[in-house]
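The values are calculated or read from the model by the stated rules, or taken from the named source; none is laboratory data. It should be emphasised that the depicted structure is a prediction, and the values quoted were computed from it without experimental measurement. Cβ placement follows ideal geometry from the backbone for every residue including glycine, while neighbour counts extend to all protein chains displayed.
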Amino acid sequence: MKPQDLEKYSSAITLSDMEIFVYPELMYSIVLANIMSPVLWRWRQEESFKKLEGKNPYRRLMRMRQFVMDEYEFNLDLNTWGLTHKDTELNRFKNDILPEDIARSNALFGYTGDQYYFDVDIRRHFGLDQYHGDIIPYWKTETVEAMNAFRLKDGYQTGAGECVSLSTLYAAAAFVVCGIPLDDIYMVLTPLHSQNFIDMNDGIITNNRRLVTKSMWFNGTEISNKAQRAMRNEQVTIVAHTTGHIHCFYDTATIDPKRYQKFTNLLRGYLDTDLNHLNFANFLRSFGKYQKFFQFCKIQRGKRMFVKSETLFGYEHGSRFRVYDETFEKLLDDVSDEDYSIYMHPDRLCCEQLMAFVDYEKIDIRKFADRKKLAVFISPFVKDAAEQCIENLAEFLHIDPKLPGENKHYQTVEPIQIDPAWSREEIITYLESIRDKNSTADLAFYAYRDMTRCDWTPFIKAAVERNPVSVEAHADDSIEQVYSQLASLRNDSIYEGPRLAQPDEVANFKTGDGLEKAFTLANIIHNRQPQTNIEMIIDNNTVTIKTDKEYTFNSSKQLTRQIHIIQNQYEVDGE
């Protein structure tokens, strides 16, 4: 491989946040790796999914949400995959992207977003403030096998993954288990988050472990407000689709331009809603500081009864009923008589009056003149905050996403066209057939770690250059002690068949096939003694590491290779 290709293909093995940012085709490669995984195909046999056979994809997707909630937790431990140096990473990608572009768009290099993120101190929120100077963490994406393997790690009761891991899992599971075509799934990455937009009904956004429908997006709850954070406040860096990708910094895009235009229209439609009774109540739920200016009305035995806004929203806590949705009357019935007044509170505007004005005047909150008119109407009650209240209302009802510009050089590539009706084997065969025409499909086999279908050099490069956890874990041990400890670990790989874990996966999950343990030992020796010539002889059931001594492991991977590692040179015989 050319050095630049080697960097990209080895990145498909380690899949760090920065690697995906630099090589955007990796994003969909992870989805394809998960689609090829037998793990997802076994989910189809889960009783909860078998019961939904024949049901529409939306029903199955809603069940998937609960399944993911039960089986995985969001992992924000940045130390899971160890530390690296800014200069090291910038040097790796100097031929691909400018360092200043990385610095202003990647959280590991100081990105803090717009004013919102300064206000909430986002670096502290993510734990990035613990790293100083040149030191940064690897922020890696896990495929489904590594996500499941967190069950083996201390402190975890379920599987786990960060936002990119969960978004790629959701995209793959939506296809394999729910039968949703990949053509309807768009991946949306920002510097601090990863979400999917699914073209179903009015649109669905996946957000970490959750799914957010359009009605949920605008319901004003804390969970929904957090889901909106990235879309409201960040530049979208990458949009990935089965036809290709588009990147905010690169002039060339591979996504089909018509599909991208369709996506932008779909997303903008999802992020925009009308001003009505329900959405004004949702606004007050989200912006509690304005509740003191409003009241609600109930007709009881032919008489009007009034309740303060903040009182009514207080009744929502612990209740299944919500203001102005289909359960509104039941919520009003729950309000204690002593919280009602037979007189309108004179210093508050009745929400019903407000919405009557909106309907009569045909107020369009998107128009500046109508916003001014509405601010004047509420000003006797909201006083000095009237204009700010209406501006906040307009912003609540409409988000203008910061998407990569459409003015790109579009490079046509072979699209990935797989059908949810195909078997796993048919999909793998098809993806293999287009590897020479589609780099995303080719890279997917590296993310999948199928060593019978891949050049071994990228795997070796990743193993000895970007696996610091295993090195640090054995920093105080002699090589003989490391060998002894590795030999004593469980001899089970987290990957089935001829697929291999990296050394830090062995170290984190404390399990591995003998071949994976051998790579872990080679990584430790190489990082301590880079001048040492390491020979690795892989002969089906036996793996031998030769330096000045020999170390032998048993393997069930049934692979054969002879590998030489010295400094930054990696030679592989038998490919």
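So here's what we get for this one:
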quantity: Some residue of region 218-227 being under 19 Å from THR206 (Cα atoms), of a type in the set (Phe, Trp, Tyr), part of a helix (DSSP H, G or I) and in contact (Cβ under 8 Å) with a residue 12 or more places away in the chain; calculated: no
quantity: First in region 96-110 and at pLDDT 75 or above, second anywhere and of a type in the set (Asp, Glu), Cβ under 9 Å, 6 or more apart; calculated: ASP96/GLU7; ILE102/GLU89
quantity: Subset of region 177-195 (residues that are in contact (Cβ under 8 Å) with a residue 24 or more places away in the chain, assigned to a helix (DSSP H, G or I) and surrounded by fewer than 22 Cβ atoms within 10 Å (Cβ to Cβ)); calculated: ASP183
quantity: Which listed residue is within 30 Å of ASN233 (Cα to Cα), in a helix (DSSP H, G or I), in the same structural domain as GLY82 (by TED's automatic domain parsing) and in contact (Cβ under 8 Å) with a residue 24 or more places away in the chain, from ALA171, ALA160, ALA146; calculated: ALA171
quantity: Candidate set from region 41-65 (those that are without any contact (Cβ under 8 Å) to a residue 12 or more places away in the chain and not charged (D, E, K, R)); member that is farthest from HIS193 (Cα to Cα); calculated: GLY54
quantity: Elements of type helices (runs of 4 or more DSSP H) contained in region 384-476, each with 1 or more residues being among the polar types (S, T, N, Q), in contact (Cβ under 8 Å) with a residue 12 or more places away in the chain and in contact with an Asp or Glu (Cβ under 7 Å, 6 or more places away or on another chain); calculated: 439-448, 468-473
quantity: Residue match in region 143-153 (condition: at pLDDT 85 or above, closer than 27 Å to LEU403 by Cα and within 19 Å of the chain's Cα centre (by Cα)); calculated: yes
quantity: Cβ-Cβ under 7 Å pairs, at least 6 apart or on other chains, region 343-364 side within 15 Å of VAL323 (Cβ to Cβ), far side among the hydrophobic types (A, V, I, L, M, F, W, C) and assigned to a loop (DSSP other than H, G, I, E, B); calculated: CYS350/MET344
quantity: Among residues of region 75-89, those that are touching a strand residue (DSSP E or B) at 6+ places or on another chain (Cβ under 7 Å) and outside any loop (DSSP other than H, G, I, E, B), counted; calculated: 4
quantity: Condition broken by ASN508, with the remaining ones in (1) touching a Ser or Thr at 6+ places or on another chain (Cβ under 8 Å); (2) surrounded by fewer than 23 Cβ atoms within 10 Å (Cβ to Cβ); (3) among the polar types (S, T, N, Q) satisfied; calculated: (2)
quantity: Matching residues in region 315-339 - criterion: being within 40 Å of the chain's Cα centre (by Cα) and of a type in the set (Val, Ile, Thr); calculated: VAL323, THR327
quantity: Residue in region 546-569 that is surrounded by 14 or more Cβ atoms within 10 Å (Cβ to Cβ) and assigned to a loop (DSSP other than H, G, I, E, B) present; calculated: yes
quantity: Residue that is nearest to LEU76 (Cα to Cα) [pool: residues in region 196-213 that are under 12 Å from the mean Cα position of the chain (by Cα) and not in a strand (DSSP E or B)]; calculated: ASN208
quantity: Matching residues, region 258-292, being among the aromatic types (Phe, Trp, Tyr) and crowded, with 19+ Cβ neighbours inside 10 Å; calculated: TYR260, PHE263, TYR270, PHE280, PHE283, TYR290
quantity: The lone exception for ILE299 - which of (1) surrounded by 13 or more Cβ atoms within 10 Å (Cβ to Cβ); (2) not in a loop (DSSP other than H, G, I, E, B) it fails; calculated: (1)
quantity: Residue within region 233-249 that is over 23 Å from SER29 (Cα atoms) and out of contact with any helix residue (DSSP H, G or I) (no Cβ under 6 Å at 6 or more places or on another chain) present; calculated: yes
quantity: Tally, over region 270-287, of residues that are of a type outside the set (Gly, Ala, Ser) and either in a helix (DSSP H, G or I) or modelled with pLDDT under 95 (or both); calculated: 9
quantity: Residue within region 405-420 that is in contact with a strand residue (DSSP E or B) (Cβ under 8 Å, 6 or more places away or on another chain) and outside the structural domain of HIS247 (by TED's automatic domain parsing) present; calculated: no
quantity: Any hit, region 519-537, residues being among the acidic types (Asp, Glu) and either in a helix (DSSP H, G or I) or surrounded by 17 or more Cβ atoms within 10 Å (Cβ to Cβ) (or both); calculated: no
quantity: Pick from region 1-36, criterion under 23 Å from ASP77 (Cβ atoms) and hydroxyl-bearing (Ser, Thr, Tyr), ranking: nearest to the chain's Cα centre (by Cα); calculated: SER16
quantity: Region 342-364, residues that are assigned to a loop (DSSP other than H, G, I, E, B) and closer than 16 Å to ILE299 by Cα; calculated: ILE342, TYR343, MET344, HIS345
quantity: Yes/no for ALA501 being part of a loop (DSSP other than H, G, I, E, B), out of contact with any Pro (no Cβ under 6 Å at 6 or more places or on another chain) and surrounded by fewer than 24 Cβ atoms within 10 Å (Cβ to Cβ); calculated: no
quantity: Single residue of THR520, THR544 found to be under 26 Å from LYS2 (Cα atoms) and not assigned by TED's automatic domain parsing to the domain that holds TYR138; calculated: THR520
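Residue-by-condition table, conditions (1) of a type in the set (D, E, K, R); (2) modelled with pLDDT of 95 or more; (3) not assigned by TED's automatic domain parsing to the domain that holds LEU374:
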| site | (1), (2), (3) |
| --- | --- |
| ILE204 | no, yes, yes |
| ALA227 | no, no, yes |
| HIS241 | no, yes, yes |
| PHE249 | no, no, yes |
| PRO257 | no, yes, yes |
| THR264 | no, yes, yes |
| GLN291 | no, yes, no |
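Residues are listed down the side, and each one gets a yes or a no for (1) closer than 25 Å to ARG285 by Cβ; (2) surrounded by fewer than 14 Cβ atoms within 10 Å (Cβ to Cβ); (3) of a type in the set (A, V, I, L, M, F, W, C):
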site	(1), (2), (3)
TYR324	yes, no, no
PHE328	yes, no, yes
VAL358	yes, no, yes
ASP384	yes, yes, no
LEU393	yes, no, yes
PRO401	yes, no, no
LYS408	no, no, no
THR412	no, yes, no
PRO415	no, no, no
